[in-house]
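Note sheet for the following structure.
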Amino acid sequence: VSEERAQRLAAAVAERELDALLVTDLVNLRYLTGFAGTNGLAVIGAGADGARVFVTDFRYVERAADEVQGFEQHRGGRDLFDSVGQALPAERPLRLGFDDAHLPVRRHRELGAALGDDIELAPAGGMVEDLRRVKDPGELKRIRAAAALADDAFNAMLERGLAGRTERAVALDLEDEMRHRGAVAPSFPSIVAGGPHGALPHAEPRDVEIEAATLVVIDFGALVDGYCSDCTRTVATGELDAEAAEVYALVQRAQQAGLDAVRAGPSGREVDAAAREVIEEAGHGEEFGHGLGHGVGLEVHEAPRLAKSDDSALEAGNVVTVEPGVYLSGRFGVRIEDLVVVTEDGTEVLSSLDKGLITV
Ligand code: ZN
Ligand code: ZN
């Protein structure tokens, strides 16, 4: 797998008129080489015959020998930048792309000093992220497994009820259930937010008991075998007033409109608009203040985005969330989120949990 990814990246490196690309971000490095340790870098020379060099320090040499395939492996010092020069193709001058989206300014300066004047550092962030947009079958299998595991954990947690437990206790319960089922960790800190607290899209669980007859937003995901899932359900803890029930039904309609719009072809902006329209027509446009969704893979937020800012077309193999919300400040919030694979002829929804209002 890593050989194939390196080939695709090397072609892109040539197209960008770089002689080589330096990959330092650990998530990109894992995608490209299979290395799951925490200190390493790779150099990809331009074109099919370009260099494929992986460098790590002595702590990870054995691990790299196990995990990394298709790369010549070097052992560097603790600061791997001191070894980049030896990993590069010999020609000088040399134009080396680096990840300007992730490399701190100070590290960039240190890299420049280590390499000297006949190597030009060219900003080239996002090249590996572009490859990561389209998932291969092995990645889809892992994301499906993460989503299924998180759903099971959610159901097990919900059997113990919500009202009377604190938000934090519910979040811990949910995360324990994930770990018991084999998740490495939650893919992000779980959100459990009852009543007015649910009106904050990024609420942190509090030591506050969840009340009866209110809405609780629960946003959660599992990290399984390097890959993330992401799902939200809003659950009632008893009979709701008419407005809360109405807003729930509205968000459910908008979520379905979003799901119906997801397929290969339209842009993230267009899919976002399909769901947003439903909420705007109901007069709640101002209370849906975030994008409709985001890509999910090795990271829980990655490309593509379903948002006004993303004009790129969806392609088969993209994995995105569809998560409209309406947040009424001081009262309650509703968000419903599914994880969806864009397929050749439509979509595969990975979230299996009921979307009709669940009351516990
Ligand atoms: Zn989420
Ligand atoms: Zn999300």
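The values are calculated or read from the model by the stated rules, or taken from the named source; none is laboratory data. Since the model is a prediction, treat every value here as computed from it, not as a measurement. Don't worry about glycine lacking a Cβ; one is built from the backbone with ideal geometry, like all the others, and counts go over all protein chains shown. The accessibility values were calculated without ligands, DNA or RNA, using every heavy atom of the protein model including side chains. Shrake-Rupley method; radii C 1.70, N 1.55, O 1.52, S 1.80 Å.
The figures follow:
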item	result
FRET efficiency for PHE188 and LYS141, using Cβ-Cβ distance with R0 set to 25 Å, rounded to 0.05	0.75
Sorted largest first, extent of the stretch 184-230 alpha carbons per principal axis (Å)	38, 17, 16
Cβ-placed point charges (K, R +1; D, E -1), dipole of the chain about Cα centre in debye, nearest 20	660
Cα-projected label distance for ALA313 with GLU246, points at 7 Å along beta-carbon direction, nm	4.1
Neighbour cut-off at most 10 other Cβ (10 Å), DSSP loop, trypsin sites (Lys or Arg not before Pro), the stretch 1-80	ARG78
Nearest-10 value in Å² for the accessible area of THR166, using the 1.4 Å probe	40
Inter-probe distance in nm under a simple model that places probes 7 Å from Cα toward Cβ, at ALA213 and ILE358	2.3
Solvent exposure ordering (accessible area, 1.4 Å, most first) of ASP82, ASP176	ASP82, ASP176
Those aspartates and glutamates that a straight Cα-Cα span of less than 14 Å connects to LYS141, excepting residues fewer than 8 apart in one chain	ASP225, GLU348
Radius of gyration and maximum dimension Dmax of the chain, Cα, Å	22.9, 72
Value of Rg/Rh across the stretch 63-104 [Cα atoms, Kirkwood radius]	1.00
Beta bridge orientation in the chain: antiparallel %, DSSP, nearest 5	75
Residue among ASP345, ASP99, ASP57 with the largest mean-square fluctuation in a Gaussian network model of the chain, springs linking Cα atoms under 10 Å	ASP345
Residues in the stretch 22-46 that a label on ARG109 would reach, taking backbone N under 12 Å of a point 7 Å out along Cα→Cβ	none
Residue among PHE188, ALA203, GLY226 farthest towards the positive dipole end of the stretch 177-245, charges placed on Cβ	GLY226
Accessible area (Å², 1.4 Å probe, nearest 10) - LYS355	40
The stretch 1-157 - charge dipole about Cα centre, Lys and Arg +1 at Cβ, Asp and Glu -1, debye rounded to 20	400
